[in-house]
Amino acid sequence: MGTLTNKRILLGITGGIAAYKSADTVRRLRDAGAEVRAIMTAAATEFITPLTLQAVSGHPVHRQLLDAEPGQRPTDAGAQDGMDHIELARWADALLVAPASANFLARLAQGRADDLLSAVCLATQAPVAVAPAMNRQMWSNAATQANLATLGKNGIRIFGPAEGSQACGETGPGRMLEPAELVTQISQLFVTGELDGLSVMVTAGPTWEAIDPVRGLTNRSSGKMGYAVAQAAAEAGARVILVSGPTALADPERVQTVRVSSAQEMYDAVHAHVGTANIFIGVAAVADYRPSQIADNKIKKDAQNITLELTRNPDILASIAALKPAPFTVGFAAETEDVEQRARRKRESKNLDLIAANRVGTNLGFGSEENSLLLIGQDGVTPLPIQPKTQLARALIRHIAVKYHATRTAGVRQIRR
Ligand code: CTP
(Lines give C-alpha, C1' and ligand atoms only; values in the text may rest on other atoms or scores of the structure.)
Protein backbone atom coordinates (compact mmCIF):
# COMPACT_ATOMS: atom_id res chain seq x y z
CA MET A 1 0.00 0.00 0.00
CA GLY A 2 1.33 3.41 -0.99
CA THR A 3 1.69 6.37 1.31
CA LEU A 4 -0.95 8.22 -0.72
CA THR A 5 -3.57 5.47 -1.08
CA ASN A 6 -7.06 6.97 -1.50
CA LYS A 7 -5.67 10.49 -1.68
CA ARG A 8 -6.60 12.96 -4.40
CA ILE A 9 -3.81 15.28 -5.37
CA LEU A 10 -4.20 18.32 -7.61
CA LEU A 11 -0.88 19.13 -9.22
CA GLY A 12 -0.55 22.74 -10.34
CA ILE A 13 2.10 23.39 -12.95
CA THR A 14 3.35 26.90 -13.68
CA GLY A 15 5.76 28.24 -16.30
CA GLY A 16 9.36 27.23 -15.67
CA ILE A 17 11.91 24.85 -17.10
CA ALA A 18 11.33 22.43 -14.17
CA ALA A 19 7.85 21.83 -15.63
CA TYR A 20 9.48 19.12 -17.72
CA LYS A 21 9.69 17.07 -14.50
CA SER A 22 5.92 17.23 -13.94
CA ALA A 23 5.22 14.02 -15.82
CA ASP A 24 7.58 12.20 -13.45
CA THR A 25 5.93 13.86 -10.44
CA VAL A 26 2.51 12.65 -11.61
CA ARG A 27 3.82 9.13 -12.16
CA ARG A 28 5.40 8.97 -8.72
CA LEU A 29 2.29 10.36 -7.01
CA ARG A 30 0.23 7.65 -8.73
CA ASP A 31 2.77 4.98 -7.81
CA ALA A 32 2.26 6.05 -4.19
CA GLY A 33 -1.47 5.37 -4.60
CA ALA A 34 -2.83 8.86 -5.30
CA GLU A 35 -5.39 9.87 -7.87
CA VAL A 36 -3.91 12.87 -9.67
CA ARG A 37 -5.37 15.69 -11.73
CA ALA A 38 -3.28 18.43 -13.27
CA ILE A 39 -3.94 22.14 -13.65
CA MET A 40 -1.61 24.01 -16.02
CA THR A 41 -1.15 27.74 -16.34
CA ALA A 42 -0.84 29.13 -19.86
CA ALA A 43 2.92 29.58 -19.37
CA ALA A 44 3.33 25.95 -18.26
CA THR A 45 2.04 24.74 -21.62
CA GLU A 46 5.08 26.38 -23.24
CA PHE A 47 7.30 23.91 -21.39
CA ILE A 48 5.32 20.63 -21.42
CA THR A 49 2.23 19.66 -23.35
CA PRO A 50 -1.17 19.06 -21.73
CA LEU A 51 -1.32 15.84 -23.72
CA THR A 52 1.68 14.46 -21.84
CA LEU A 53 0.10 15.31 -18.48
CA GLN A 54 -3.22 13.86 -19.58
CA ALA A 55 -1.54 10.63 -20.60
CA VAL A 56 0.36 10.16 -17.34
CA SER A 57 -2.45 11.32 -15.02
CA GLY A 58 -5.23 9.49 -16.87
CA HIS A 59 -7.44 12.61 -16.76
CA PRO A 60 -7.95 15.63 -19.01
CA VAL A 61 -5.81 18.57 -17.92
CA HIS A 62 -7.55 21.61 -16.44
CA ARG A 63 -6.51 24.98 -17.85
CA GLN A 64 -9.32 27.52 -18.12
CA LEU A 65 -11.18 29.43 -15.42
CA LEU A 66 -14.18 31.02 -17.10
CA ASP A 67 -15.36 32.24 -20.47
CA ALA A 68 -13.27 29.63 -22.16
CA GLU A 69 -13.21 29.07 -25.88
CA PRO A 70 -15.60 26.39 -27.12
CA GLY A 71 -13.92 23.06 -26.58
CA GLN A 72 -12.33 24.31 -23.35
CA ARG A 73 -15.46 24.98 -21.30
CA PRO A 74 -15.64 22.87 -18.20
CA THR A 75 -18.78 21.17 -19.51
CA ASP A 76 -17.32 20.25 -22.89
CA ALA A 77 -16.78 16.53 -22.90
CA GLY A 78 -13.15 15.56 -22.72
CA ALA A 79 -11.86 19.11 -22.29
CA GLN A 80 -11.87 19.56 -18.52
CA ASP A 81 -13.74 16.55 -17.23
CA GLY A 82 -16.77 18.64 -16.25
CA MET A 83 -15.19 20.11 -13.09
CA ASP A 84 -15.12 23.84 -12.45
CA HIS A 85 -12.75 25.61 -10.04
CA ILE A 86 -15.00 25.08 -7.03
CA GLU A 87 -15.46 21.38 -7.77
CA LEU A 88 -11.72 20.96 -8.26
CA ALA A 89 -11.08 22.80 -5.00
CA ARG A 90 -13.48 20.44 -3.19
CA TRP A 91 -12.19 17.35 -4.96
CA ALA A 92 -8.62 17.77 -3.77
CA ASP A 93 -7.23 16.31 -0.57
CA ALA A 94 -4.10 18.37 -1.21
CA LEU A 95 -2.84 20.80 -3.81
CA LEU A 96 0.81 20.84 -4.86
CA VAL A 97 2.12 23.55 -7.16
CA ALA A 98 5.35 22.24 -8.67
CA PRO A 99 7.12 24.03 -10.16
CA ALA A 100 5.91 27.29 -8.60
CA SER A 101 7.40 30.27 -10.47
CA ALA A 102 8.31 33.59 -8.81
CA ASN A 103 5.39 35.16 -10.62
CA PHE A 104 2.96 32.52 -9.33
CA LEU A 105 4.20 32.91 -5.73
CA ALA A 106 3.60 36.66 -6.02
CA ARG A 107 0.07 36.09 -7.31
CA LEU A 108 -0.69 33.54 -4.58
CA ALA A 109 0.64 35.93 -1.91
CA GLN A 110 -1.74 38.58 -3.22
CA GLY A 111 -4.73 36.25 -3.22
CA ARG A 112 -5.34 36.73 -6.95
CA ALA A 113 -8.01 34.59 -8.61
CA ASP A 114 -7.71 35.51 -12.26
CA ASP A 115 -6.65 32.15 -13.58
CA LEU A 116 -7.76 28.62 -12.78
CA LEU A 117 -4.81 27.57 -10.62
CA SER A 118 -4.79 30.67 -8.40
CA ALA A 119 -8.60 30.53 -8.06
CA VAL A 120 -8.47 26.88 -6.96
CA CYS A 121 -5.72 27.69 -4.44
CA LEU A 122 -7.98 30.35 -2.99
CA ALA A 123 -11.12 28.21 -3.01
CA THR A 124 -9.77 25.01 -1.49
CA GLN A 125 -9.89 23.93 2.14
CA ALA A 126 -7.26 21.29 1.44
CA PRO A 127 -3.63 21.94 2.34
CA VAL A 128 -1.69 23.81 -0.36
CA ALA A 129 2.04 23.30 -0.92
CA VAL A 130 4.34 25.04 -3.36
CA ALA A 131 7.69 23.86 -4.72
CA PRO A 132 9.49 27.01 -5.86
CA ALA A 133 11.72 26.85 -8.94
CA MET A 134 13.56 29.89 -10.23
CA ASN A 135 16.91 31.53 -10.83
CA ARG A 136 18.88 32.05 -7.61
CA GLN A 137 18.79 35.87 -7.89
CA MET A 138 15.01 35.81 -8.31
CA TRP A 139 14.80 33.51 -5.27
CA SER A 140 16.95 35.81 -3.14
CA ASN A 141 15.15 38.95 -4.23
CA ALA A 142 13.53 40.77 -1.32
CA ALA A 143 10.15 40.80 -3.07
CA THR A 144 10.17 37.00 -3.49
CA GLN A 145 11.25 36.51 0.13
CA ALA A 146 8.50 38.84 1.33
CA ASN A 147 5.96 36.86 -0.71
CA LEU A 148 7.22 33.60 0.81
CA ALA A 149 6.86 35.03 4.29
CA THR A 150 3.26 35.97 3.49
CA LEU A 151 2.54 32.51 2.09
CA GLY A 152 3.99 30.86 5.19
CA LYS A 153 1.85 33.09 7.38
CA ASN A 154 -1.21 32.08 5.32
CA GLY A 155 -0.59 28.40 5.97
CA ILE A 156 0.92 27.52 2.57
CA ARG A 157 3.65 24.88 2.84
CA ILE A 158 6.90 25.63 1.06
CA PHE A 159 8.73 22.52 -0.23
CA GLY A 160 12.37 23.37 -0.97
CA PRO A 161 13.93 24.73 -3.04
CA ALA A 162 17.14 22.75 -3.40
CA GLU A 163 20.54 24.20 -4.20
CA GLY A 164 22.60 23.29 -7.23
CA SER A 165 23.29 24.02 -10.86
CA GLN A 166 20.50 25.85 -12.62
CA ALA A 167 19.18 25.88 -16.17
CA CYS A 168 20.48 29.44 -16.53
CA GLY A 169 24.04 28.22 -15.90
CA GLU A 170 24.28 29.65 -12.37
CA THR A 171 24.62 27.67 -9.15
CA GLY A 172 22.68 28.34 -5.95
CA PRO A 173 19.26 28.03 -4.30
CA GLY A 174 16.17 27.86 -6.52
CA ARG A 175 16.13 24.35 -8.01
CA MET A 176 12.81 22.54 -7.65
CA LEU A 177 12.96 19.54 -5.31
CA GLU A 178 13.14 16.23 -7.17
CA PRO A 179 9.76 14.50 -7.76
CA ALA A 180 10.58 11.67 -5.32
CA GLU A 181 11.25 14.20 -2.55
CA LEU A 182 8.02 16.06 -3.39
CA VAL A 183 6.06 12.81 -3.00
CA THR A 184 7.69 12.16 0.38
CA GLN A 185 6.83 15.66 1.60
CA ILE A 186 3.23 15.61 0.37
CA SER A 187 2.72 12.17 1.95
CA GLN A 188 3.69 13.62 5.31
CA LEU A 189 0.67 15.93 5.17
CA PHE A 190 -1.57 12.89 5.52
CA VAL A 191 0.00 10.98 8.34
CA THR A 192 -3.00 10.61 10.63
CA GLY A 193 -1.73 7.63 12.56
CA GLU A 194 -5.16 6.06 12.06
CA LEU A 195 -5.49 3.40 9.36
CA ASP A 196 -2.71 4.27 6.93
CA GLY A 197 -1.50 1.19 5.12
CA LEU A 198 -4.16 -1.12 6.58
CA SER A 199 -6.84 -3.15 4.87
CA VAL A 200 -10.42 -3.06 6.19
CA MET A 201 -13.50 -5.08 5.25
CA VAL A 202 -17.00 -3.85 6.06
CA THR A 203 -20.38 -5.57 5.59
CA ALA A 204 -23.47 -3.40 5.22
CA GLY A 205 -27.16 -3.33 4.41
CA PRO A 206 -29.80 -6.02 4.73
CA THR A 207 -29.82 -9.40 3.03
CA TRP A 208 -32.57 -10.75 0.78
CA GLU A 209 -33.62 -14.34 1.35
CA ALA A 210 -35.66 -15.46 -1.63
CA ILE A 211 -38.92 -17.35 -1.12
CA ASP A 212 -39.78 -17.52 -4.81
CA PRO A 213 -38.66 -15.51 -7.88
CA VAL A 214 -40.51 -12.37 -6.74
CA ARG A 215 -40.75 -12.60 -2.94
CA GLY A 216 -38.28 -12.71 -0.14
CA LEU A 217 -37.48 -12.10 3.53
CA THR A 218 -35.52 -8.97 4.37
CA ASN A 219 -35.36 -6.18 6.95
CA ARG A 220 -35.39 -2.41 7.13
CA SER A 221 -31.63 -1.78 7.17
CA SER A 222 -30.83 1.09 4.77
CA GLY A 223 -27.08 0.43 4.68
CA LYS A 224 -26.32 4.05 5.68
CA MET A 225 -24.30 3.20 8.76
CA GLY A 226 -22.18 0.54 7.04
CA TYR A 227 -21.50 2.79 4.04
CA ALA A 228 -20.50 5.64 6.36
CA VAL A 229 -18.13 3.29 8.21
CA ALA A 230 -16.56 2.16 4.91
CA GLN A 231 -16.15 5.79 3.81
CA ALA A 232 -14.63 6.82 7.14
CA ALA A 233 -12.13 3.94 6.96
CA ALA A 234 -11.12 5.02 3.44
CA GLU A 235 -10.68 8.61 4.65
CA ALA A 236 -8.42 7.31 7.40
CA GLY A 237 -6.15 5.83 4.74
CA ALA A 238 -7.27 2.21 4.65
CA ARG A 239 -7.86 0.09 1.58
CA VAL A 240 -11.52 -0.79 2.02
CA ILE A 241 -13.69 -3.59 0.67
CA LEU A 242 -17.41 -3.14 1.30
CA VAL A 243 -19.62 -6.22 0.94
CA SER A 244 -23.12 -4.88 0.65
CA GLY A 245 -26.57 -6.40 0.60
CA PRO A 246 -29.26 -4.72 -1.54
CA THR A 247 -29.43 -0.96 -0.80
CA ALA A 248 -30.50 2.18 -2.64
CA LEU A 249 -27.13 3.81 -1.93
CA ALA A 250 -24.40 4.63 -4.45
CA ASP A 251 -21.06 2.86 -4.08
CA PRO A 252 -18.93 4.95 -1.69
CA GLU A 253 -15.98 6.67 -3.33
CA ARG A 254 -12.53 5.11 -3.02
CA VAL A 255 -14.03 1.87 -1.73
CA GLN A 256 -14.16 -1.48 -3.53
CA THR A 257 -17.82 -2.44 -3.31
CA VAL A 258 -19.03 -6.01 -3.80
CA ARG A 259 -22.81 -6.35 -4.15
CA VAL A 260 -24.56 -9.45 -2.92
CA SER A 261 -28.11 -10.47 -2.17
CA SER A 262 -28.49 -13.34 0.32
CA ALA A 263 -26.66 -14.09 3.58
CA GLN A 264 -24.99 -17.10 1.96
CA GLU A 265 -23.74 -14.88 -0.90
CA MET A 266 -22.49 -12.36 1.64
CA TYR A 267 -20.69 -15.14 3.53
CA ASP A 268 -19.07 -16.40 0.30
CA ALA A 269 -18.03 -12.89 -0.84
CA VAL A 270 -16.59 -12.05 2.58
CA HIS A 271 -14.50 -15.20 2.68
CA ALA A 272 -13.41 -14.77 -0.94
CA HIS A 273 -12.13 -11.24 -0.29
CA VAL A 274 -11.12 -11.14 3.38
CA GLY A 275 -7.57 -12.21 2.47
CA THR A 276 -5.16 -10.25 4.57
CA ALA A 277 -7.70 -7.80 6.01
CA ASN A 278 -6.40 -6.28 9.24
CA ILE A 279 -9.83 -5.19 10.46
CA PHE A 280 -13.31 -6.63 9.86
CA ILE A 281 -16.41 -4.60 10.74
CA GLY A 282 -19.76 -6.40 10.46
CA VAL A 283 -22.43 -3.73 10.14
CA ALA A 284 -24.82 -5.71 7.94
CA ALA A 285 -28.20 -6.74 9.28
CA VAL A 286 -27.84 -10.31 8.12
CA ALA A 287 -30.99 -12.44 8.07
CA ASP A 288 -30.60 -15.16 10.67
CA TYR A 289 -32.78 -17.57 8.66
CA ARG A 290 -33.60 -18.29 5.01
CA PRO A 291 -36.41 -20.34 3.46
CA SER A 292 -35.34 -23.97 3.29
CA GLN A 293 -36.66 -24.21 -0.28
CA ILE A 294 -36.80 -21.49 -2.90
CA ALA A 295 -39.79 -22.11 -5.16
CA ASP A 296 -38.86 -22.16 -8.85
CA ASN A 297 -42.09 -20.39 -9.78
CA LYS A 298 -44.21 -17.77 -8.11
CA ILE A 299 -46.19 -19.38 -5.27
CA LYS A 300 -49.96 -19.23 -5.92
CA LYS A 301 -52.47 -18.47 -3.19
CA ASP A 302 -54.24 -21.83 -3.43
CA ALA A 303 -54.13 -22.93 0.19
CA GLN A 304 -55.73 -21.13 3.13
CA ASN A 305 -52.58 -21.52 5.22
CA ILE A 306 -49.04 -22.21 4.16
CA THR A 307 -45.98 -22.93 6.24
CA LEU A 308 -42.57 -21.55 5.46
CA GLU A 309 -39.74 -23.67 6.79
CA LEU A 310 -36.62 -21.68 7.62
CA THR A 311 -32.99 -22.76 7.89
CA ARG A 312 -30.31 -21.03 9.95
CA ASN A 313 -27.88 -18.89 7.97
CA PRO A 314 -24.14 -19.04 8.69
CA ASP A 315 -22.93 -16.37 11.12
CA ILE A 316 -20.51 -14.33 9.01
CA LEU A 317 -19.10 -12.29 11.87
CA ALA A 318 -18.43 -15.30 14.11
CA SER A 319 -16.81 -17.17 11.20
CA ILE A 320 -14.36 -14.28 10.68
CA ALA A 321 -13.57 -14.01 14.39
CA ALA A 322 -12.79 -17.76 14.34
CA LEU A 323 -10.16 -17.46 11.58
CA LYS A 324 -6.58 -18.13 12.57
CA PRO A 325 -5.16 -15.56 12.48
CA ALA A 326 -8.29 -13.45 12.70
CA PRO A 327 -8.49 -9.79 11.81
CA PHE A 328 -9.41 -7.29 14.53
CA THR A 329 -13.12 -8.11 14.51
CA VAL A 330 -15.89 -5.64 15.26
CA GLY A 331 -19.60 -6.49 15.42
CA PHE A 332 -22.79 -4.51 15.75
CA ALA A 333 -25.63 -5.34 18.09
CA ALA A 334 -29.09 -3.91 17.64
CA GLU A 335 -31.07 -4.41 20.83
CA THR A 336 -34.46 -3.25 22.02
CA GLU A 337 -33.80 -3.77 25.74
CA ASP A 338 -31.01 -4.37 28.22
CA VAL A 339 -28.63 -3.04 25.55
CA GLU A 340 -25.30 -3.19 27.38
CA GLN A 341 -25.73 -6.62 28.98
CA ARG A 342 -26.96 -8.29 25.80
CA ALA A 343 -24.25 -6.69 23.68
CA ARG A 344 -21.62 -7.78 26.18
CA ARG A 345 -22.83 -11.38 25.94
CA LYS A 346 -22.88 -11.17 22.14
CA ARG A 347 -19.27 -9.94 22.11
CA GLU A 348 -18.20 -12.85 24.26
CA SER A 349 -20.18 -15.53 22.45
CA LYS A 350 -18.85 -14.45 19.04
CA ASN A 351 -15.33 -13.82 20.39
CA LEU A 352 -15.19 -10.22 19.11
CA ASP A 353 -12.58 -7.57 19.83
CA LEU A 354 -15.25 -4.91 19.98
CA ILE A 355 -19.01 -4.60 19.71
CA ALA A 356 -20.93 -1.45 18.80
CA ALA A 357 -24.35 -1.60 20.41
CA ASN A 358 -27.35 0.55 19.72
CA ARG A 359 -30.92 0.63 20.87
CA VAL A 360 -33.46 0.01 18.13
CA GLY A 361 -37.21 0.23 18.18
CA THR A 362 -37.05 3.98 18.81
CA ASN A 363 -36.67 6.60 16.08
CA LEU A 364 -32.98 5.81 15.81
CA GLY A 365 -31.17 3.06 13.97
CA PHE A 366 -32.56 1.61 10.77
CA GLY A 367 -33.14 4.21 8.07
CA SER A 368 -32.50 7.27 10.23
CA GLU A 369 -29.76 9.83 9.55
CA GLU A 370 -28.54 9.86 13.13
CA ASN A 371 -27.56 7.27 15.66
CA SER A 372 -25.66 6.73 18.90
CA LEU A 373 -23.48 3.79 19.91
CA LEU A 374 -22.09 2.09 22.97
CA LEU A 375 -18.66 0.64 22.20
CA ILE A 376 -17.90 -2.38 24.35
CA GLY A 377 -14.43 -3.86 24.36
CA GLN A 378 -12.43 -6.01 26.69
CA ASP A 379 -11.24 -3.00 28.63
CA GLY A 380 -14.38 -0.96 29.02
CA VAL A 381 -17.36 0.85 27.57
CA THR A 382 -17.21 4.04 25.51
CA PRO A 383 -20.44 5.85 24.65
CA LEU A 384 -20.60 7.77 21.35
CA PRO A 385 -23.43 10.31 21.66
CA ILE A 386 -26.19 10.83 19.11
CA GLN A 387 -24.89 12.44 15.92
CA PRO A 388 -25.15 12.13 12.13
CA LYS A 389 -24.11 8.67 10.94
CA THR A 390 -21.14 10.04 8.94
CA GLN A 391 -19.68 11.67 12.07
CA LEU A 392 -20.52 8.67 14.21
CA ALA A 393 -18.71 6.45 11.71
CA ARG A 394 -15.58 8.64 11.90
CA ALA A 395 -15.64 8.49 15.71
CA LEU A 396 -16.05 4.70 15.54
CA ILE A 397 -13.11 4.40 13.12
CA ARG A 398 -10.92 6.54 15.39
CA HIS A 399 -11.79 4.27 18.33
CA ILE A 400 -11.14 1.10 16.31
CA ALA A 401 -7.79 2.50 15.08
CA VAL A 402 -6.63 3.19 18.63
CA LYS A 403 -7.69 -0.27 19.85
CA TYR A 404 -6.25 -2.02 16.78
CA HIS A 405 -2.86 -0.36 17.20
CA ALA A 406 -2.87 -1.11 20.94
CA THR A 407 -3.43 -4.84 20.38
CA ARG A 408 -0.90 -5.00 17.56
CA THR A 409 1.71 -3.09 19.58
CA ALA A 410 1.25 -5.66 22.30
CA GLY A 411 2.42 -8.14 19.66
CA VAL A 412 -0.35 -10.69 20.04
CA ARG A 413 -4.03 -10.79 19.42
CA GLN A 414 -5.43 -10.53 22.89
CA ILE A 415 -7.41 -13.32 24.44
CA ARG A 416 -10.76 -11.67 24.54
CA ARG A 417 -12.76 -13.74 26.93
N1 CTP B 1 -24.05 -11.12 11.76
C2 CTP B 1 -23.38 -11.82 10.78
N3 CTP B 1 -23.95 -12.93 10.22
C4 CTP B 1 -25.15 -13.37 10.62
C5 CTP B 1 -25.83 -12.67 11.62
C6 CTP B 1 -25.25 -11.54 12.17
O7 CTP B 1 -22.28 -11.43 10.40
N8 CTP B 1 -25.68 -14.45 10.06
C9 CTP B 1 -23.41 -9.96 12.39
C10 CTP B 1 -24.03 -8.63 12.10
O11 CTP B 1 -23.43 -8.01 10.96
C12 CTP B 1 -23.76 -7.86 13.38
C13 CTP B 1 -23.85 -8.92 14.44
O14 CTP B 1 -23.53 -10.14 13.79
O15 CTP B 1 -22.43 -7.36 13.40
C16 CTP B 1 -25.22 -9.01 15.02
O17 CTP B 1 -25.29 -10.15 15.79
P18 CTP B 1 -26.61 -11.02 15.83
O19 CTP B 1 -26.36 -12.12 16.78
O20 CTP B 1 -27.08 -11.39 14.50
O21 CTP B 1 -27.59 -10.00 16.35
P22 CTP B 1 -29.10 -10.22 16.29
O23 CTP B 1 -29.54 -10.66 14.94
O24 CTP B 1 -29.67 -8.97 16.81
O25 CTP B 1 -29.16 -11.47 17.25
P26 CTP B 1 -30.30 -11.86 18.23
O27 CTP B 1 -31.52 -11.82 17.42
O28 CTP B 1 -29.88 -13.20 18.66
O29 CTP B 1 -30.21 -10.81 19.28
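The values are calculated or read from the model by the stated rules, or taken from the named source; none is laboratory data. Only a predicted model underlies this, so the values are computations on that prediction, with no experimental measurement involved. Note that each Cβ is placed from the backbone with ideal geometry, even for glycine, and that neighbours are counted across all protein chains shown. Keep in mind that these areas ignore ligands, DNA and RNA; they rest on the heavy atoms of the full protein, side chains included. Shrake-Rupley method; radii C 1.70, N 1.55, O 1.52, S 1.80 Å.
Using the Kirkwood formula over every pair of different C-alpha atoms, what hydrodynamic radius in Å results for the chain? Spell out each step's value before the answer.
Working: mean 1/r = 0.0411 Å⁻¹.
Evaluated on the chain, it is 24.3 Å.
So, by mean Cβ neighbours within 10 angstrom, what's the order for 289-297, 8-16 with the highest one leading? List each step's numbers first, then the result.
Details: 289-297: 12.8, 8-16: 25.9.
Ranking the peptides 289-297, 8-16 by packing returns 8-16, 289-297.
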Links exceeding 28 Å between C-alpha atoms in this model, out of Lys298/Lys346; Lys346/Lys403; Lys224/Lys324; Lys7/Lys324; Lys224/Lys403, come to Lys298/Lys346; Lys224/Lys324; Lys7/Lys324
Expressed in angstrom and rounded, the centroid-to-centroid distance over alpha carbons for segment 25-44 and segment 114-182 is 17
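If you restrict to DSSP beta bridges whose two residues both lie in the chain, what percentage is antiparallel, to the nearest 5?
30
Rank-order 50-57, 104-111, 128-135 by packing density, defined as the average count of other C-beta atoms within 10 Å over each peptide's residues, highest first.
Working: 50-57: 17.2, 104-111: 19.5, 128-135: 25.4.
By packing density, highest mean first, the sequence is 128-135, 104-111, 50-57.
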If I compute solvent accessible area with a 1.4 Å probe over the protein chains, what percent of it on the chain is carbon and sulfur? 50
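Express the accessible area of the chain per residue in Å², computed with a 1.4 Å probe while the remaining protein chains stay in the model. Don't skip to the end; give the middle numbers.
Details: 19720 Å² over 417 residues.
Normalised by residue count, the accessible surface of the chain is 47 Å².
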Along each principal axis, Cα extent of segment 222-363, largest first, Å: 56, 36, 35
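How long are the semi-axes of the ellipsoid equivalent to segment 8-188, from square roots of 5 times the Cα gyration tensor eigenvalues, in whole Å, largest first?
Details: eigenvalues 121, 61, 49 Å².
They are 25, 18, 16 Å, listed largest first.
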How far is it, in nm, from the label point at Arg27 to the one at Glu340 when both lie 7 Å from their Cα along the line to the Cβ? 5.9
Give me the number: length gained by fully extending Ile158 to Gln387, i.e. 0.36 nm times residue separation minus the C-alpha to C-alpha distance, one decimal in nm. 78.7 nm
